[in-house]
1. I'd like to verify a number: residues in region C:41-52 that are in contact with a helix residue (DSSP H, G or I) (Cβ under 6 Å, 6 or more places away or on another chain) and part of a loop (DSSP other than H, G, I, E, B), how many?
2. Within region C:154-167, does at least one residue satisfy the condition of being within 11 Å of chain D (Cβ to nearest Cβ), at pLDDT 95 or above and out of contact with any His (no Cβ under 8 Å at 6 or more places or on another chain)?
3. Of the residues D:212, D:182, which single one is within 30 Å of residue C:26 (Cα to Cα), more than 9 Å from chain C (Cβ to nearest Cβ) and exposed (fewer than 15 other Cβ atoms within 10 Å of the Cβ)?
4. Select from region D:63-99 the residues that are among the small types (Gly, Ala, Ser) and in contact (Cβ under 8 Å) with a residue 60 or more places away in the chain and write down the one among them that is nearest to residue D:137 (Cα to Cα).
5. Please verify whether residue A:33 is farther than 30 Å from residue A:202 by Cα and surrounded by fewer than 19 Cβ atoms within 10 Å (Cβ to Cβ), treating the condition exactly as stated.
6. Go through the residues of region B:34-43 one by one and say whether even a single one is of a type in the set (Gly, Ala, Ser), more than 7 Å from chain A (Cβ to nearest Cβ), in contact with a strand residue (DSSP E or B) (Cβ under 6 Å, 6 or more places away or on another chain) and touching a residue at least 12 places away in the same chain (Cβ under 8 Å).
7. Determine if region B:9-27 includes at least one residue that is under 28 Å from residue A:92 (Cα atoms) and more than 7 Å from every other protein chain (Cβ to nearest Cβ).
Number of protein chains: 4
Amino acid sequence: MLHAKPLPSYLVQRYHGWKATTYEENQSWYRRLAESGQHPRAMVISCCDSRVHVTSIFGADQGEFFIHRNIANLVPPHKPDGLQHGTSAAVEYAVNALKVAHIIVLGHSNCGGVQGCLDMCSGHAPELEEKTSFVGRWMDILRPGYDRVKELDTADEQRNALEKQAVLVSLENLMTFPFVADAVEGGKLSLHGLWTDIGEGSLEYFDPAKKDFARV
Amino acid sequence: MLHAKPLPSYLVQRYHGWKATTYEENQSWYRRLAESGQHPRAMVISCCDSRVHVTSIFGADQGEFFIHRNIANLVPPHKPDGLQHGTSAAVEYAVNALKVAHIIVLGHSNCGGVQGCLDMCSGHAPELEEKTSFVGRWMDILRPGYDRVKELDTADEQRNALEKQAVLVSLENLMTFPFVADAVEGGKLSLHGLWTDIGEGSLEYFDPAKKDFARV
Amino acid sequence: MLHAKPLPSYLVQRYHGWKATTYEENQSWYRRLAESGQHPRAMVISCCDSRVHVTSIFGADQGEFFIHRNIANLVPPHKPDGLQHGTSAAVEYAVNALKVAHIIVLGHSNCGGVQGCLDMCSGHAPELEEKTSFVGRWMDILRPGYDRVKELDTADEQRNALEKQAVLVSLENLMTFPFVADAVEGGKLSLHGLWTDIGEGSLEYFDPAKKDFARV
Amino acid sequence: MLHAKPLPSYLVQRYHGWKATTYEENQSWYRRLAESGQHPRAMVISCCDSRVHVTSIFGADQGEFFIHRNIANLVPPHKPDGLQHGTSAAVEYAVNALKVAHIIVLGHSNCGGVQGCLDMCSGHAPELEEKTSFVGRWMDILRPGYDRVKELDTADEQRNALEKQAVLVSLENLMTFPFVADAVEGGKLSLHGLWTDIGEGSLEYFDPAKKDFARV
């Protein structure tokens, strides 16, 4: 039998509060969104981390961003092998069906997934090397990034640099999708790499001219 | 060379507004979150759809929900084959590392992914059947749900029922993960199935006693 | 100048939700409470711990319990020395002004204040012995309880027993207040000792006949 | 002998109801809270008054707020004299041990403690002036507030203004604690002053820019 429980009552109470205020005040917009479908201007690929709220940072409204969230905001390389690729499916839907104008990859400080990758690649987390570790296999996507940061002096520098590599590796992998490359080269889609510091509230973007991140 | 552009200026402007207001007012909380790590009480599995904002509906703050978003809020069955499974990695991290108390699967009305699944399974979208269609292969997860709704009279009824099946199939698949089943049976984790109507702002939960969804 | 910031926006949103639902539905009762004053049937002395919600456990409504919360739900002995005693003031107001019929002291498992007392009394927390430690001086109230549990075998047994001593010492100290003793002996006030296990949701009460706690 | 009675049966009954429903539905969350300890984001200092339920107003769940409640939501000035200061102990624990990001002082309308202070300071309650009056000595904390409101025209205006002074005097006194001032100045803690009208369900916050309270 199916295991499921009712919603905890404090969430029920908060939902009713939202319904009576935010929903009530925006009813016409929500109805329009339901009837006309979504037309988001951007896809955002962000981490599952509970501390990163991209809609808050950018004051985004319902309907504005098509948001995929996974561990460490990673995009795997294009691999049309007939198997299940949830991130690739989201990218395909955003670009081909929704025709978004931007894909924004948003990395962040204090990322537990990136820390796990660092531990694994530096030999300190053998459990993540096991075939049965979903987190380990997922973080394999970031191995090429580890090779670029492993010579840095301190563990803090390595982690910080690897968080930014998670953005860059994803941007590189996005370009291996033929429909992404076509849209970028046709001027219909632009890619953006961002990294935010949770504690400081700062935001950096990747500047291809400087080949480095710079403050927004 | 890496393709990336600076952030569009309207987003830069909004970010600076957020930094000067929301961040400034909540600086102490963001710093605490950065230093003490995240302790989210729940994992939410939601759709990428730009119209579904779970943090808004539940008045959730930074730090409260660990959020994975993919096409049609699907969880594949447990398959420890050493390949990349982003959703499985997110579930593993939430349950084993963060030890969340709840996993909430949130489905919604007007779901484009579910519509695609319906079209594909009923023979109206041969392009989704192709091996190279990432969306098609991802929506294969929901095929068992289609079999349960295909006898319904109208296309609308079928789509509505299939949106709810996306929640139920995911809840069923979650229980195929040994660490999820162990935590549920040990009383340390509870699963919840929800479905929201975007236009009406209504919220339904799956009630195992009635084997059906009911208004919250 | 006075340091104060506006309320974080997620709390503003939740407040507006409460106003539009819970308040709206109970407006007549809230207005009556404002006009007729409070007539609580019981005073509850509970811990500040964020995990203990006495109003939830007892389904209490606005107006039902006069609640004082401090570290480790302690009542100091009666000491009319003209200095500031916040807990004694709360007890005095409840008994003499509000004429409550019950005083319930509610202890709980996993109490950080009680753990601190145990560490201090067993010589493992010299910083709590310092004159300037407010927590240490406050936990001095529980020293007589430590003497009764220090011979127990394990640290776990000692902490559990000391959590219950926090209830018993407080009940003993309550009876040193002449107005409490008079009301109890006059049959106008009864005292109750409770202890709850946060994880198990169990509730125990002190049974004077058995001189021990028993399941409710 | 220890005076204590069993719990009144109507409370026993309500507890069993809570155990079979709310506890049962949230068991996983309560167990997690017991095992992982509390990580509240805010401390709330509120009145014992039975009509003020801060968890209801803010839809707060177990684990969210560390709550100290005393007569008239007062904080005394920092005074490390080695005597017992329950409120100071609670503040010390919240800031130094739990590292909360916010301290919210919540005042309210129709406050009996504030009324007593007004009566005492205006010479209408000599019994509160006595050395043995715990309520009188506790309300001495608010005397500096009385001096700022005593020129107001009506008794109602004075009481209303003094209720808000109870919030402001407490915020001022909080800043006399070196560890509070350090945390505030280091951007790790923010203070908030609120006042709620019980009958109207309104909520006001202190705005330092305007030096006055304003509607939320």
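1. In the first step, residues of region C:41-52 are kept if they are in contact with a helix residue (DSSP H, G or I) (Cβ under 6 Å, 6 or more places away or on another chain); the result is C:43-48, C:51.
Narrowing the set further to residues that are part of a loop (DSSP other than H, G, I, E, B) leaves C:48, C:51.
Of the residues in that region, 2 qualify.
2. Going residue by residue through region C:154-167, those that are within 11 Å of chain D (Cβ to nearest Cβ) are C:167.
The next check asks that each one be at pLDDT 95 or above; those that pass are C:167.
Going one step further and asking which of them are out of contact with any His (no Cβ under 8 Å at 6 or more places or on another chain), we end up with C:167.
There is at least one residue in region C:154-167 that is within 11 Å of chain D (Cβ to nearest Cβ), at pLDDT 95 or above and out of contact with any His (no Cβ under 8 Å at 6 or more places or on another chain).
3. None of the other options fit; the residue is D:212.
4. Let us first name the residues in region D:63-99 that are among the small types (Gly, Ala, Ser), namely D:63, D:72, D:82, D:86, D:88-90, D:94, D:97.
Remaining after also requiring in contact (Cβ under 8 Å) with a residue 60 or more places away in the chain: D:72, D:88.
Working: D:72: 13, D:88: 16 Å.
Looking at the filtered set, the residue picked out is D:72.
5. On the way: farther than 30 Å from residue A:202 by Cα: yes; surrounded by fewer than 19 Cβ atoms within 10 Å (Cβ to Cβ): no.
Here the answer is no, as residue A:33 does not meet what is asked.
6. yes
7. The answer is yes, given that some residue of region B:9-27 is under 28 Å from residue A:92 (Cα atoms) and more than 7 Å from every other protein chain (Cβ to nearest Cβ).
Residues checked against (1) within 14 Å of chain D (Cβ to nearest Cβ); (2) out of contact with any Lys or Arg (no Cβ under 8 Å at 6 or more places or on another chain); (3) not basic (Lys, Arg):
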position	(1), (2), (3)
B:94	yes, yes, yes
B:98	yes, yes, yes
B:104	yes, yes, yes
B:109	no, yes, yes
B:114	no, no, yes
B:119	no, yes, yes
B:123	no, yes, yes
B:127	no, yes, yes
B:135	no, yes, yes
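The values are calculated or read from the model by the stated rules, or taken from the named source; none is laboratory data. Bear in mind that the values here come from a model prediction, so they are computed numbers and not experimental data. Virtual Cβ from ideal backbone geometry, glycine too; neighbours counted across all protein chains shown.
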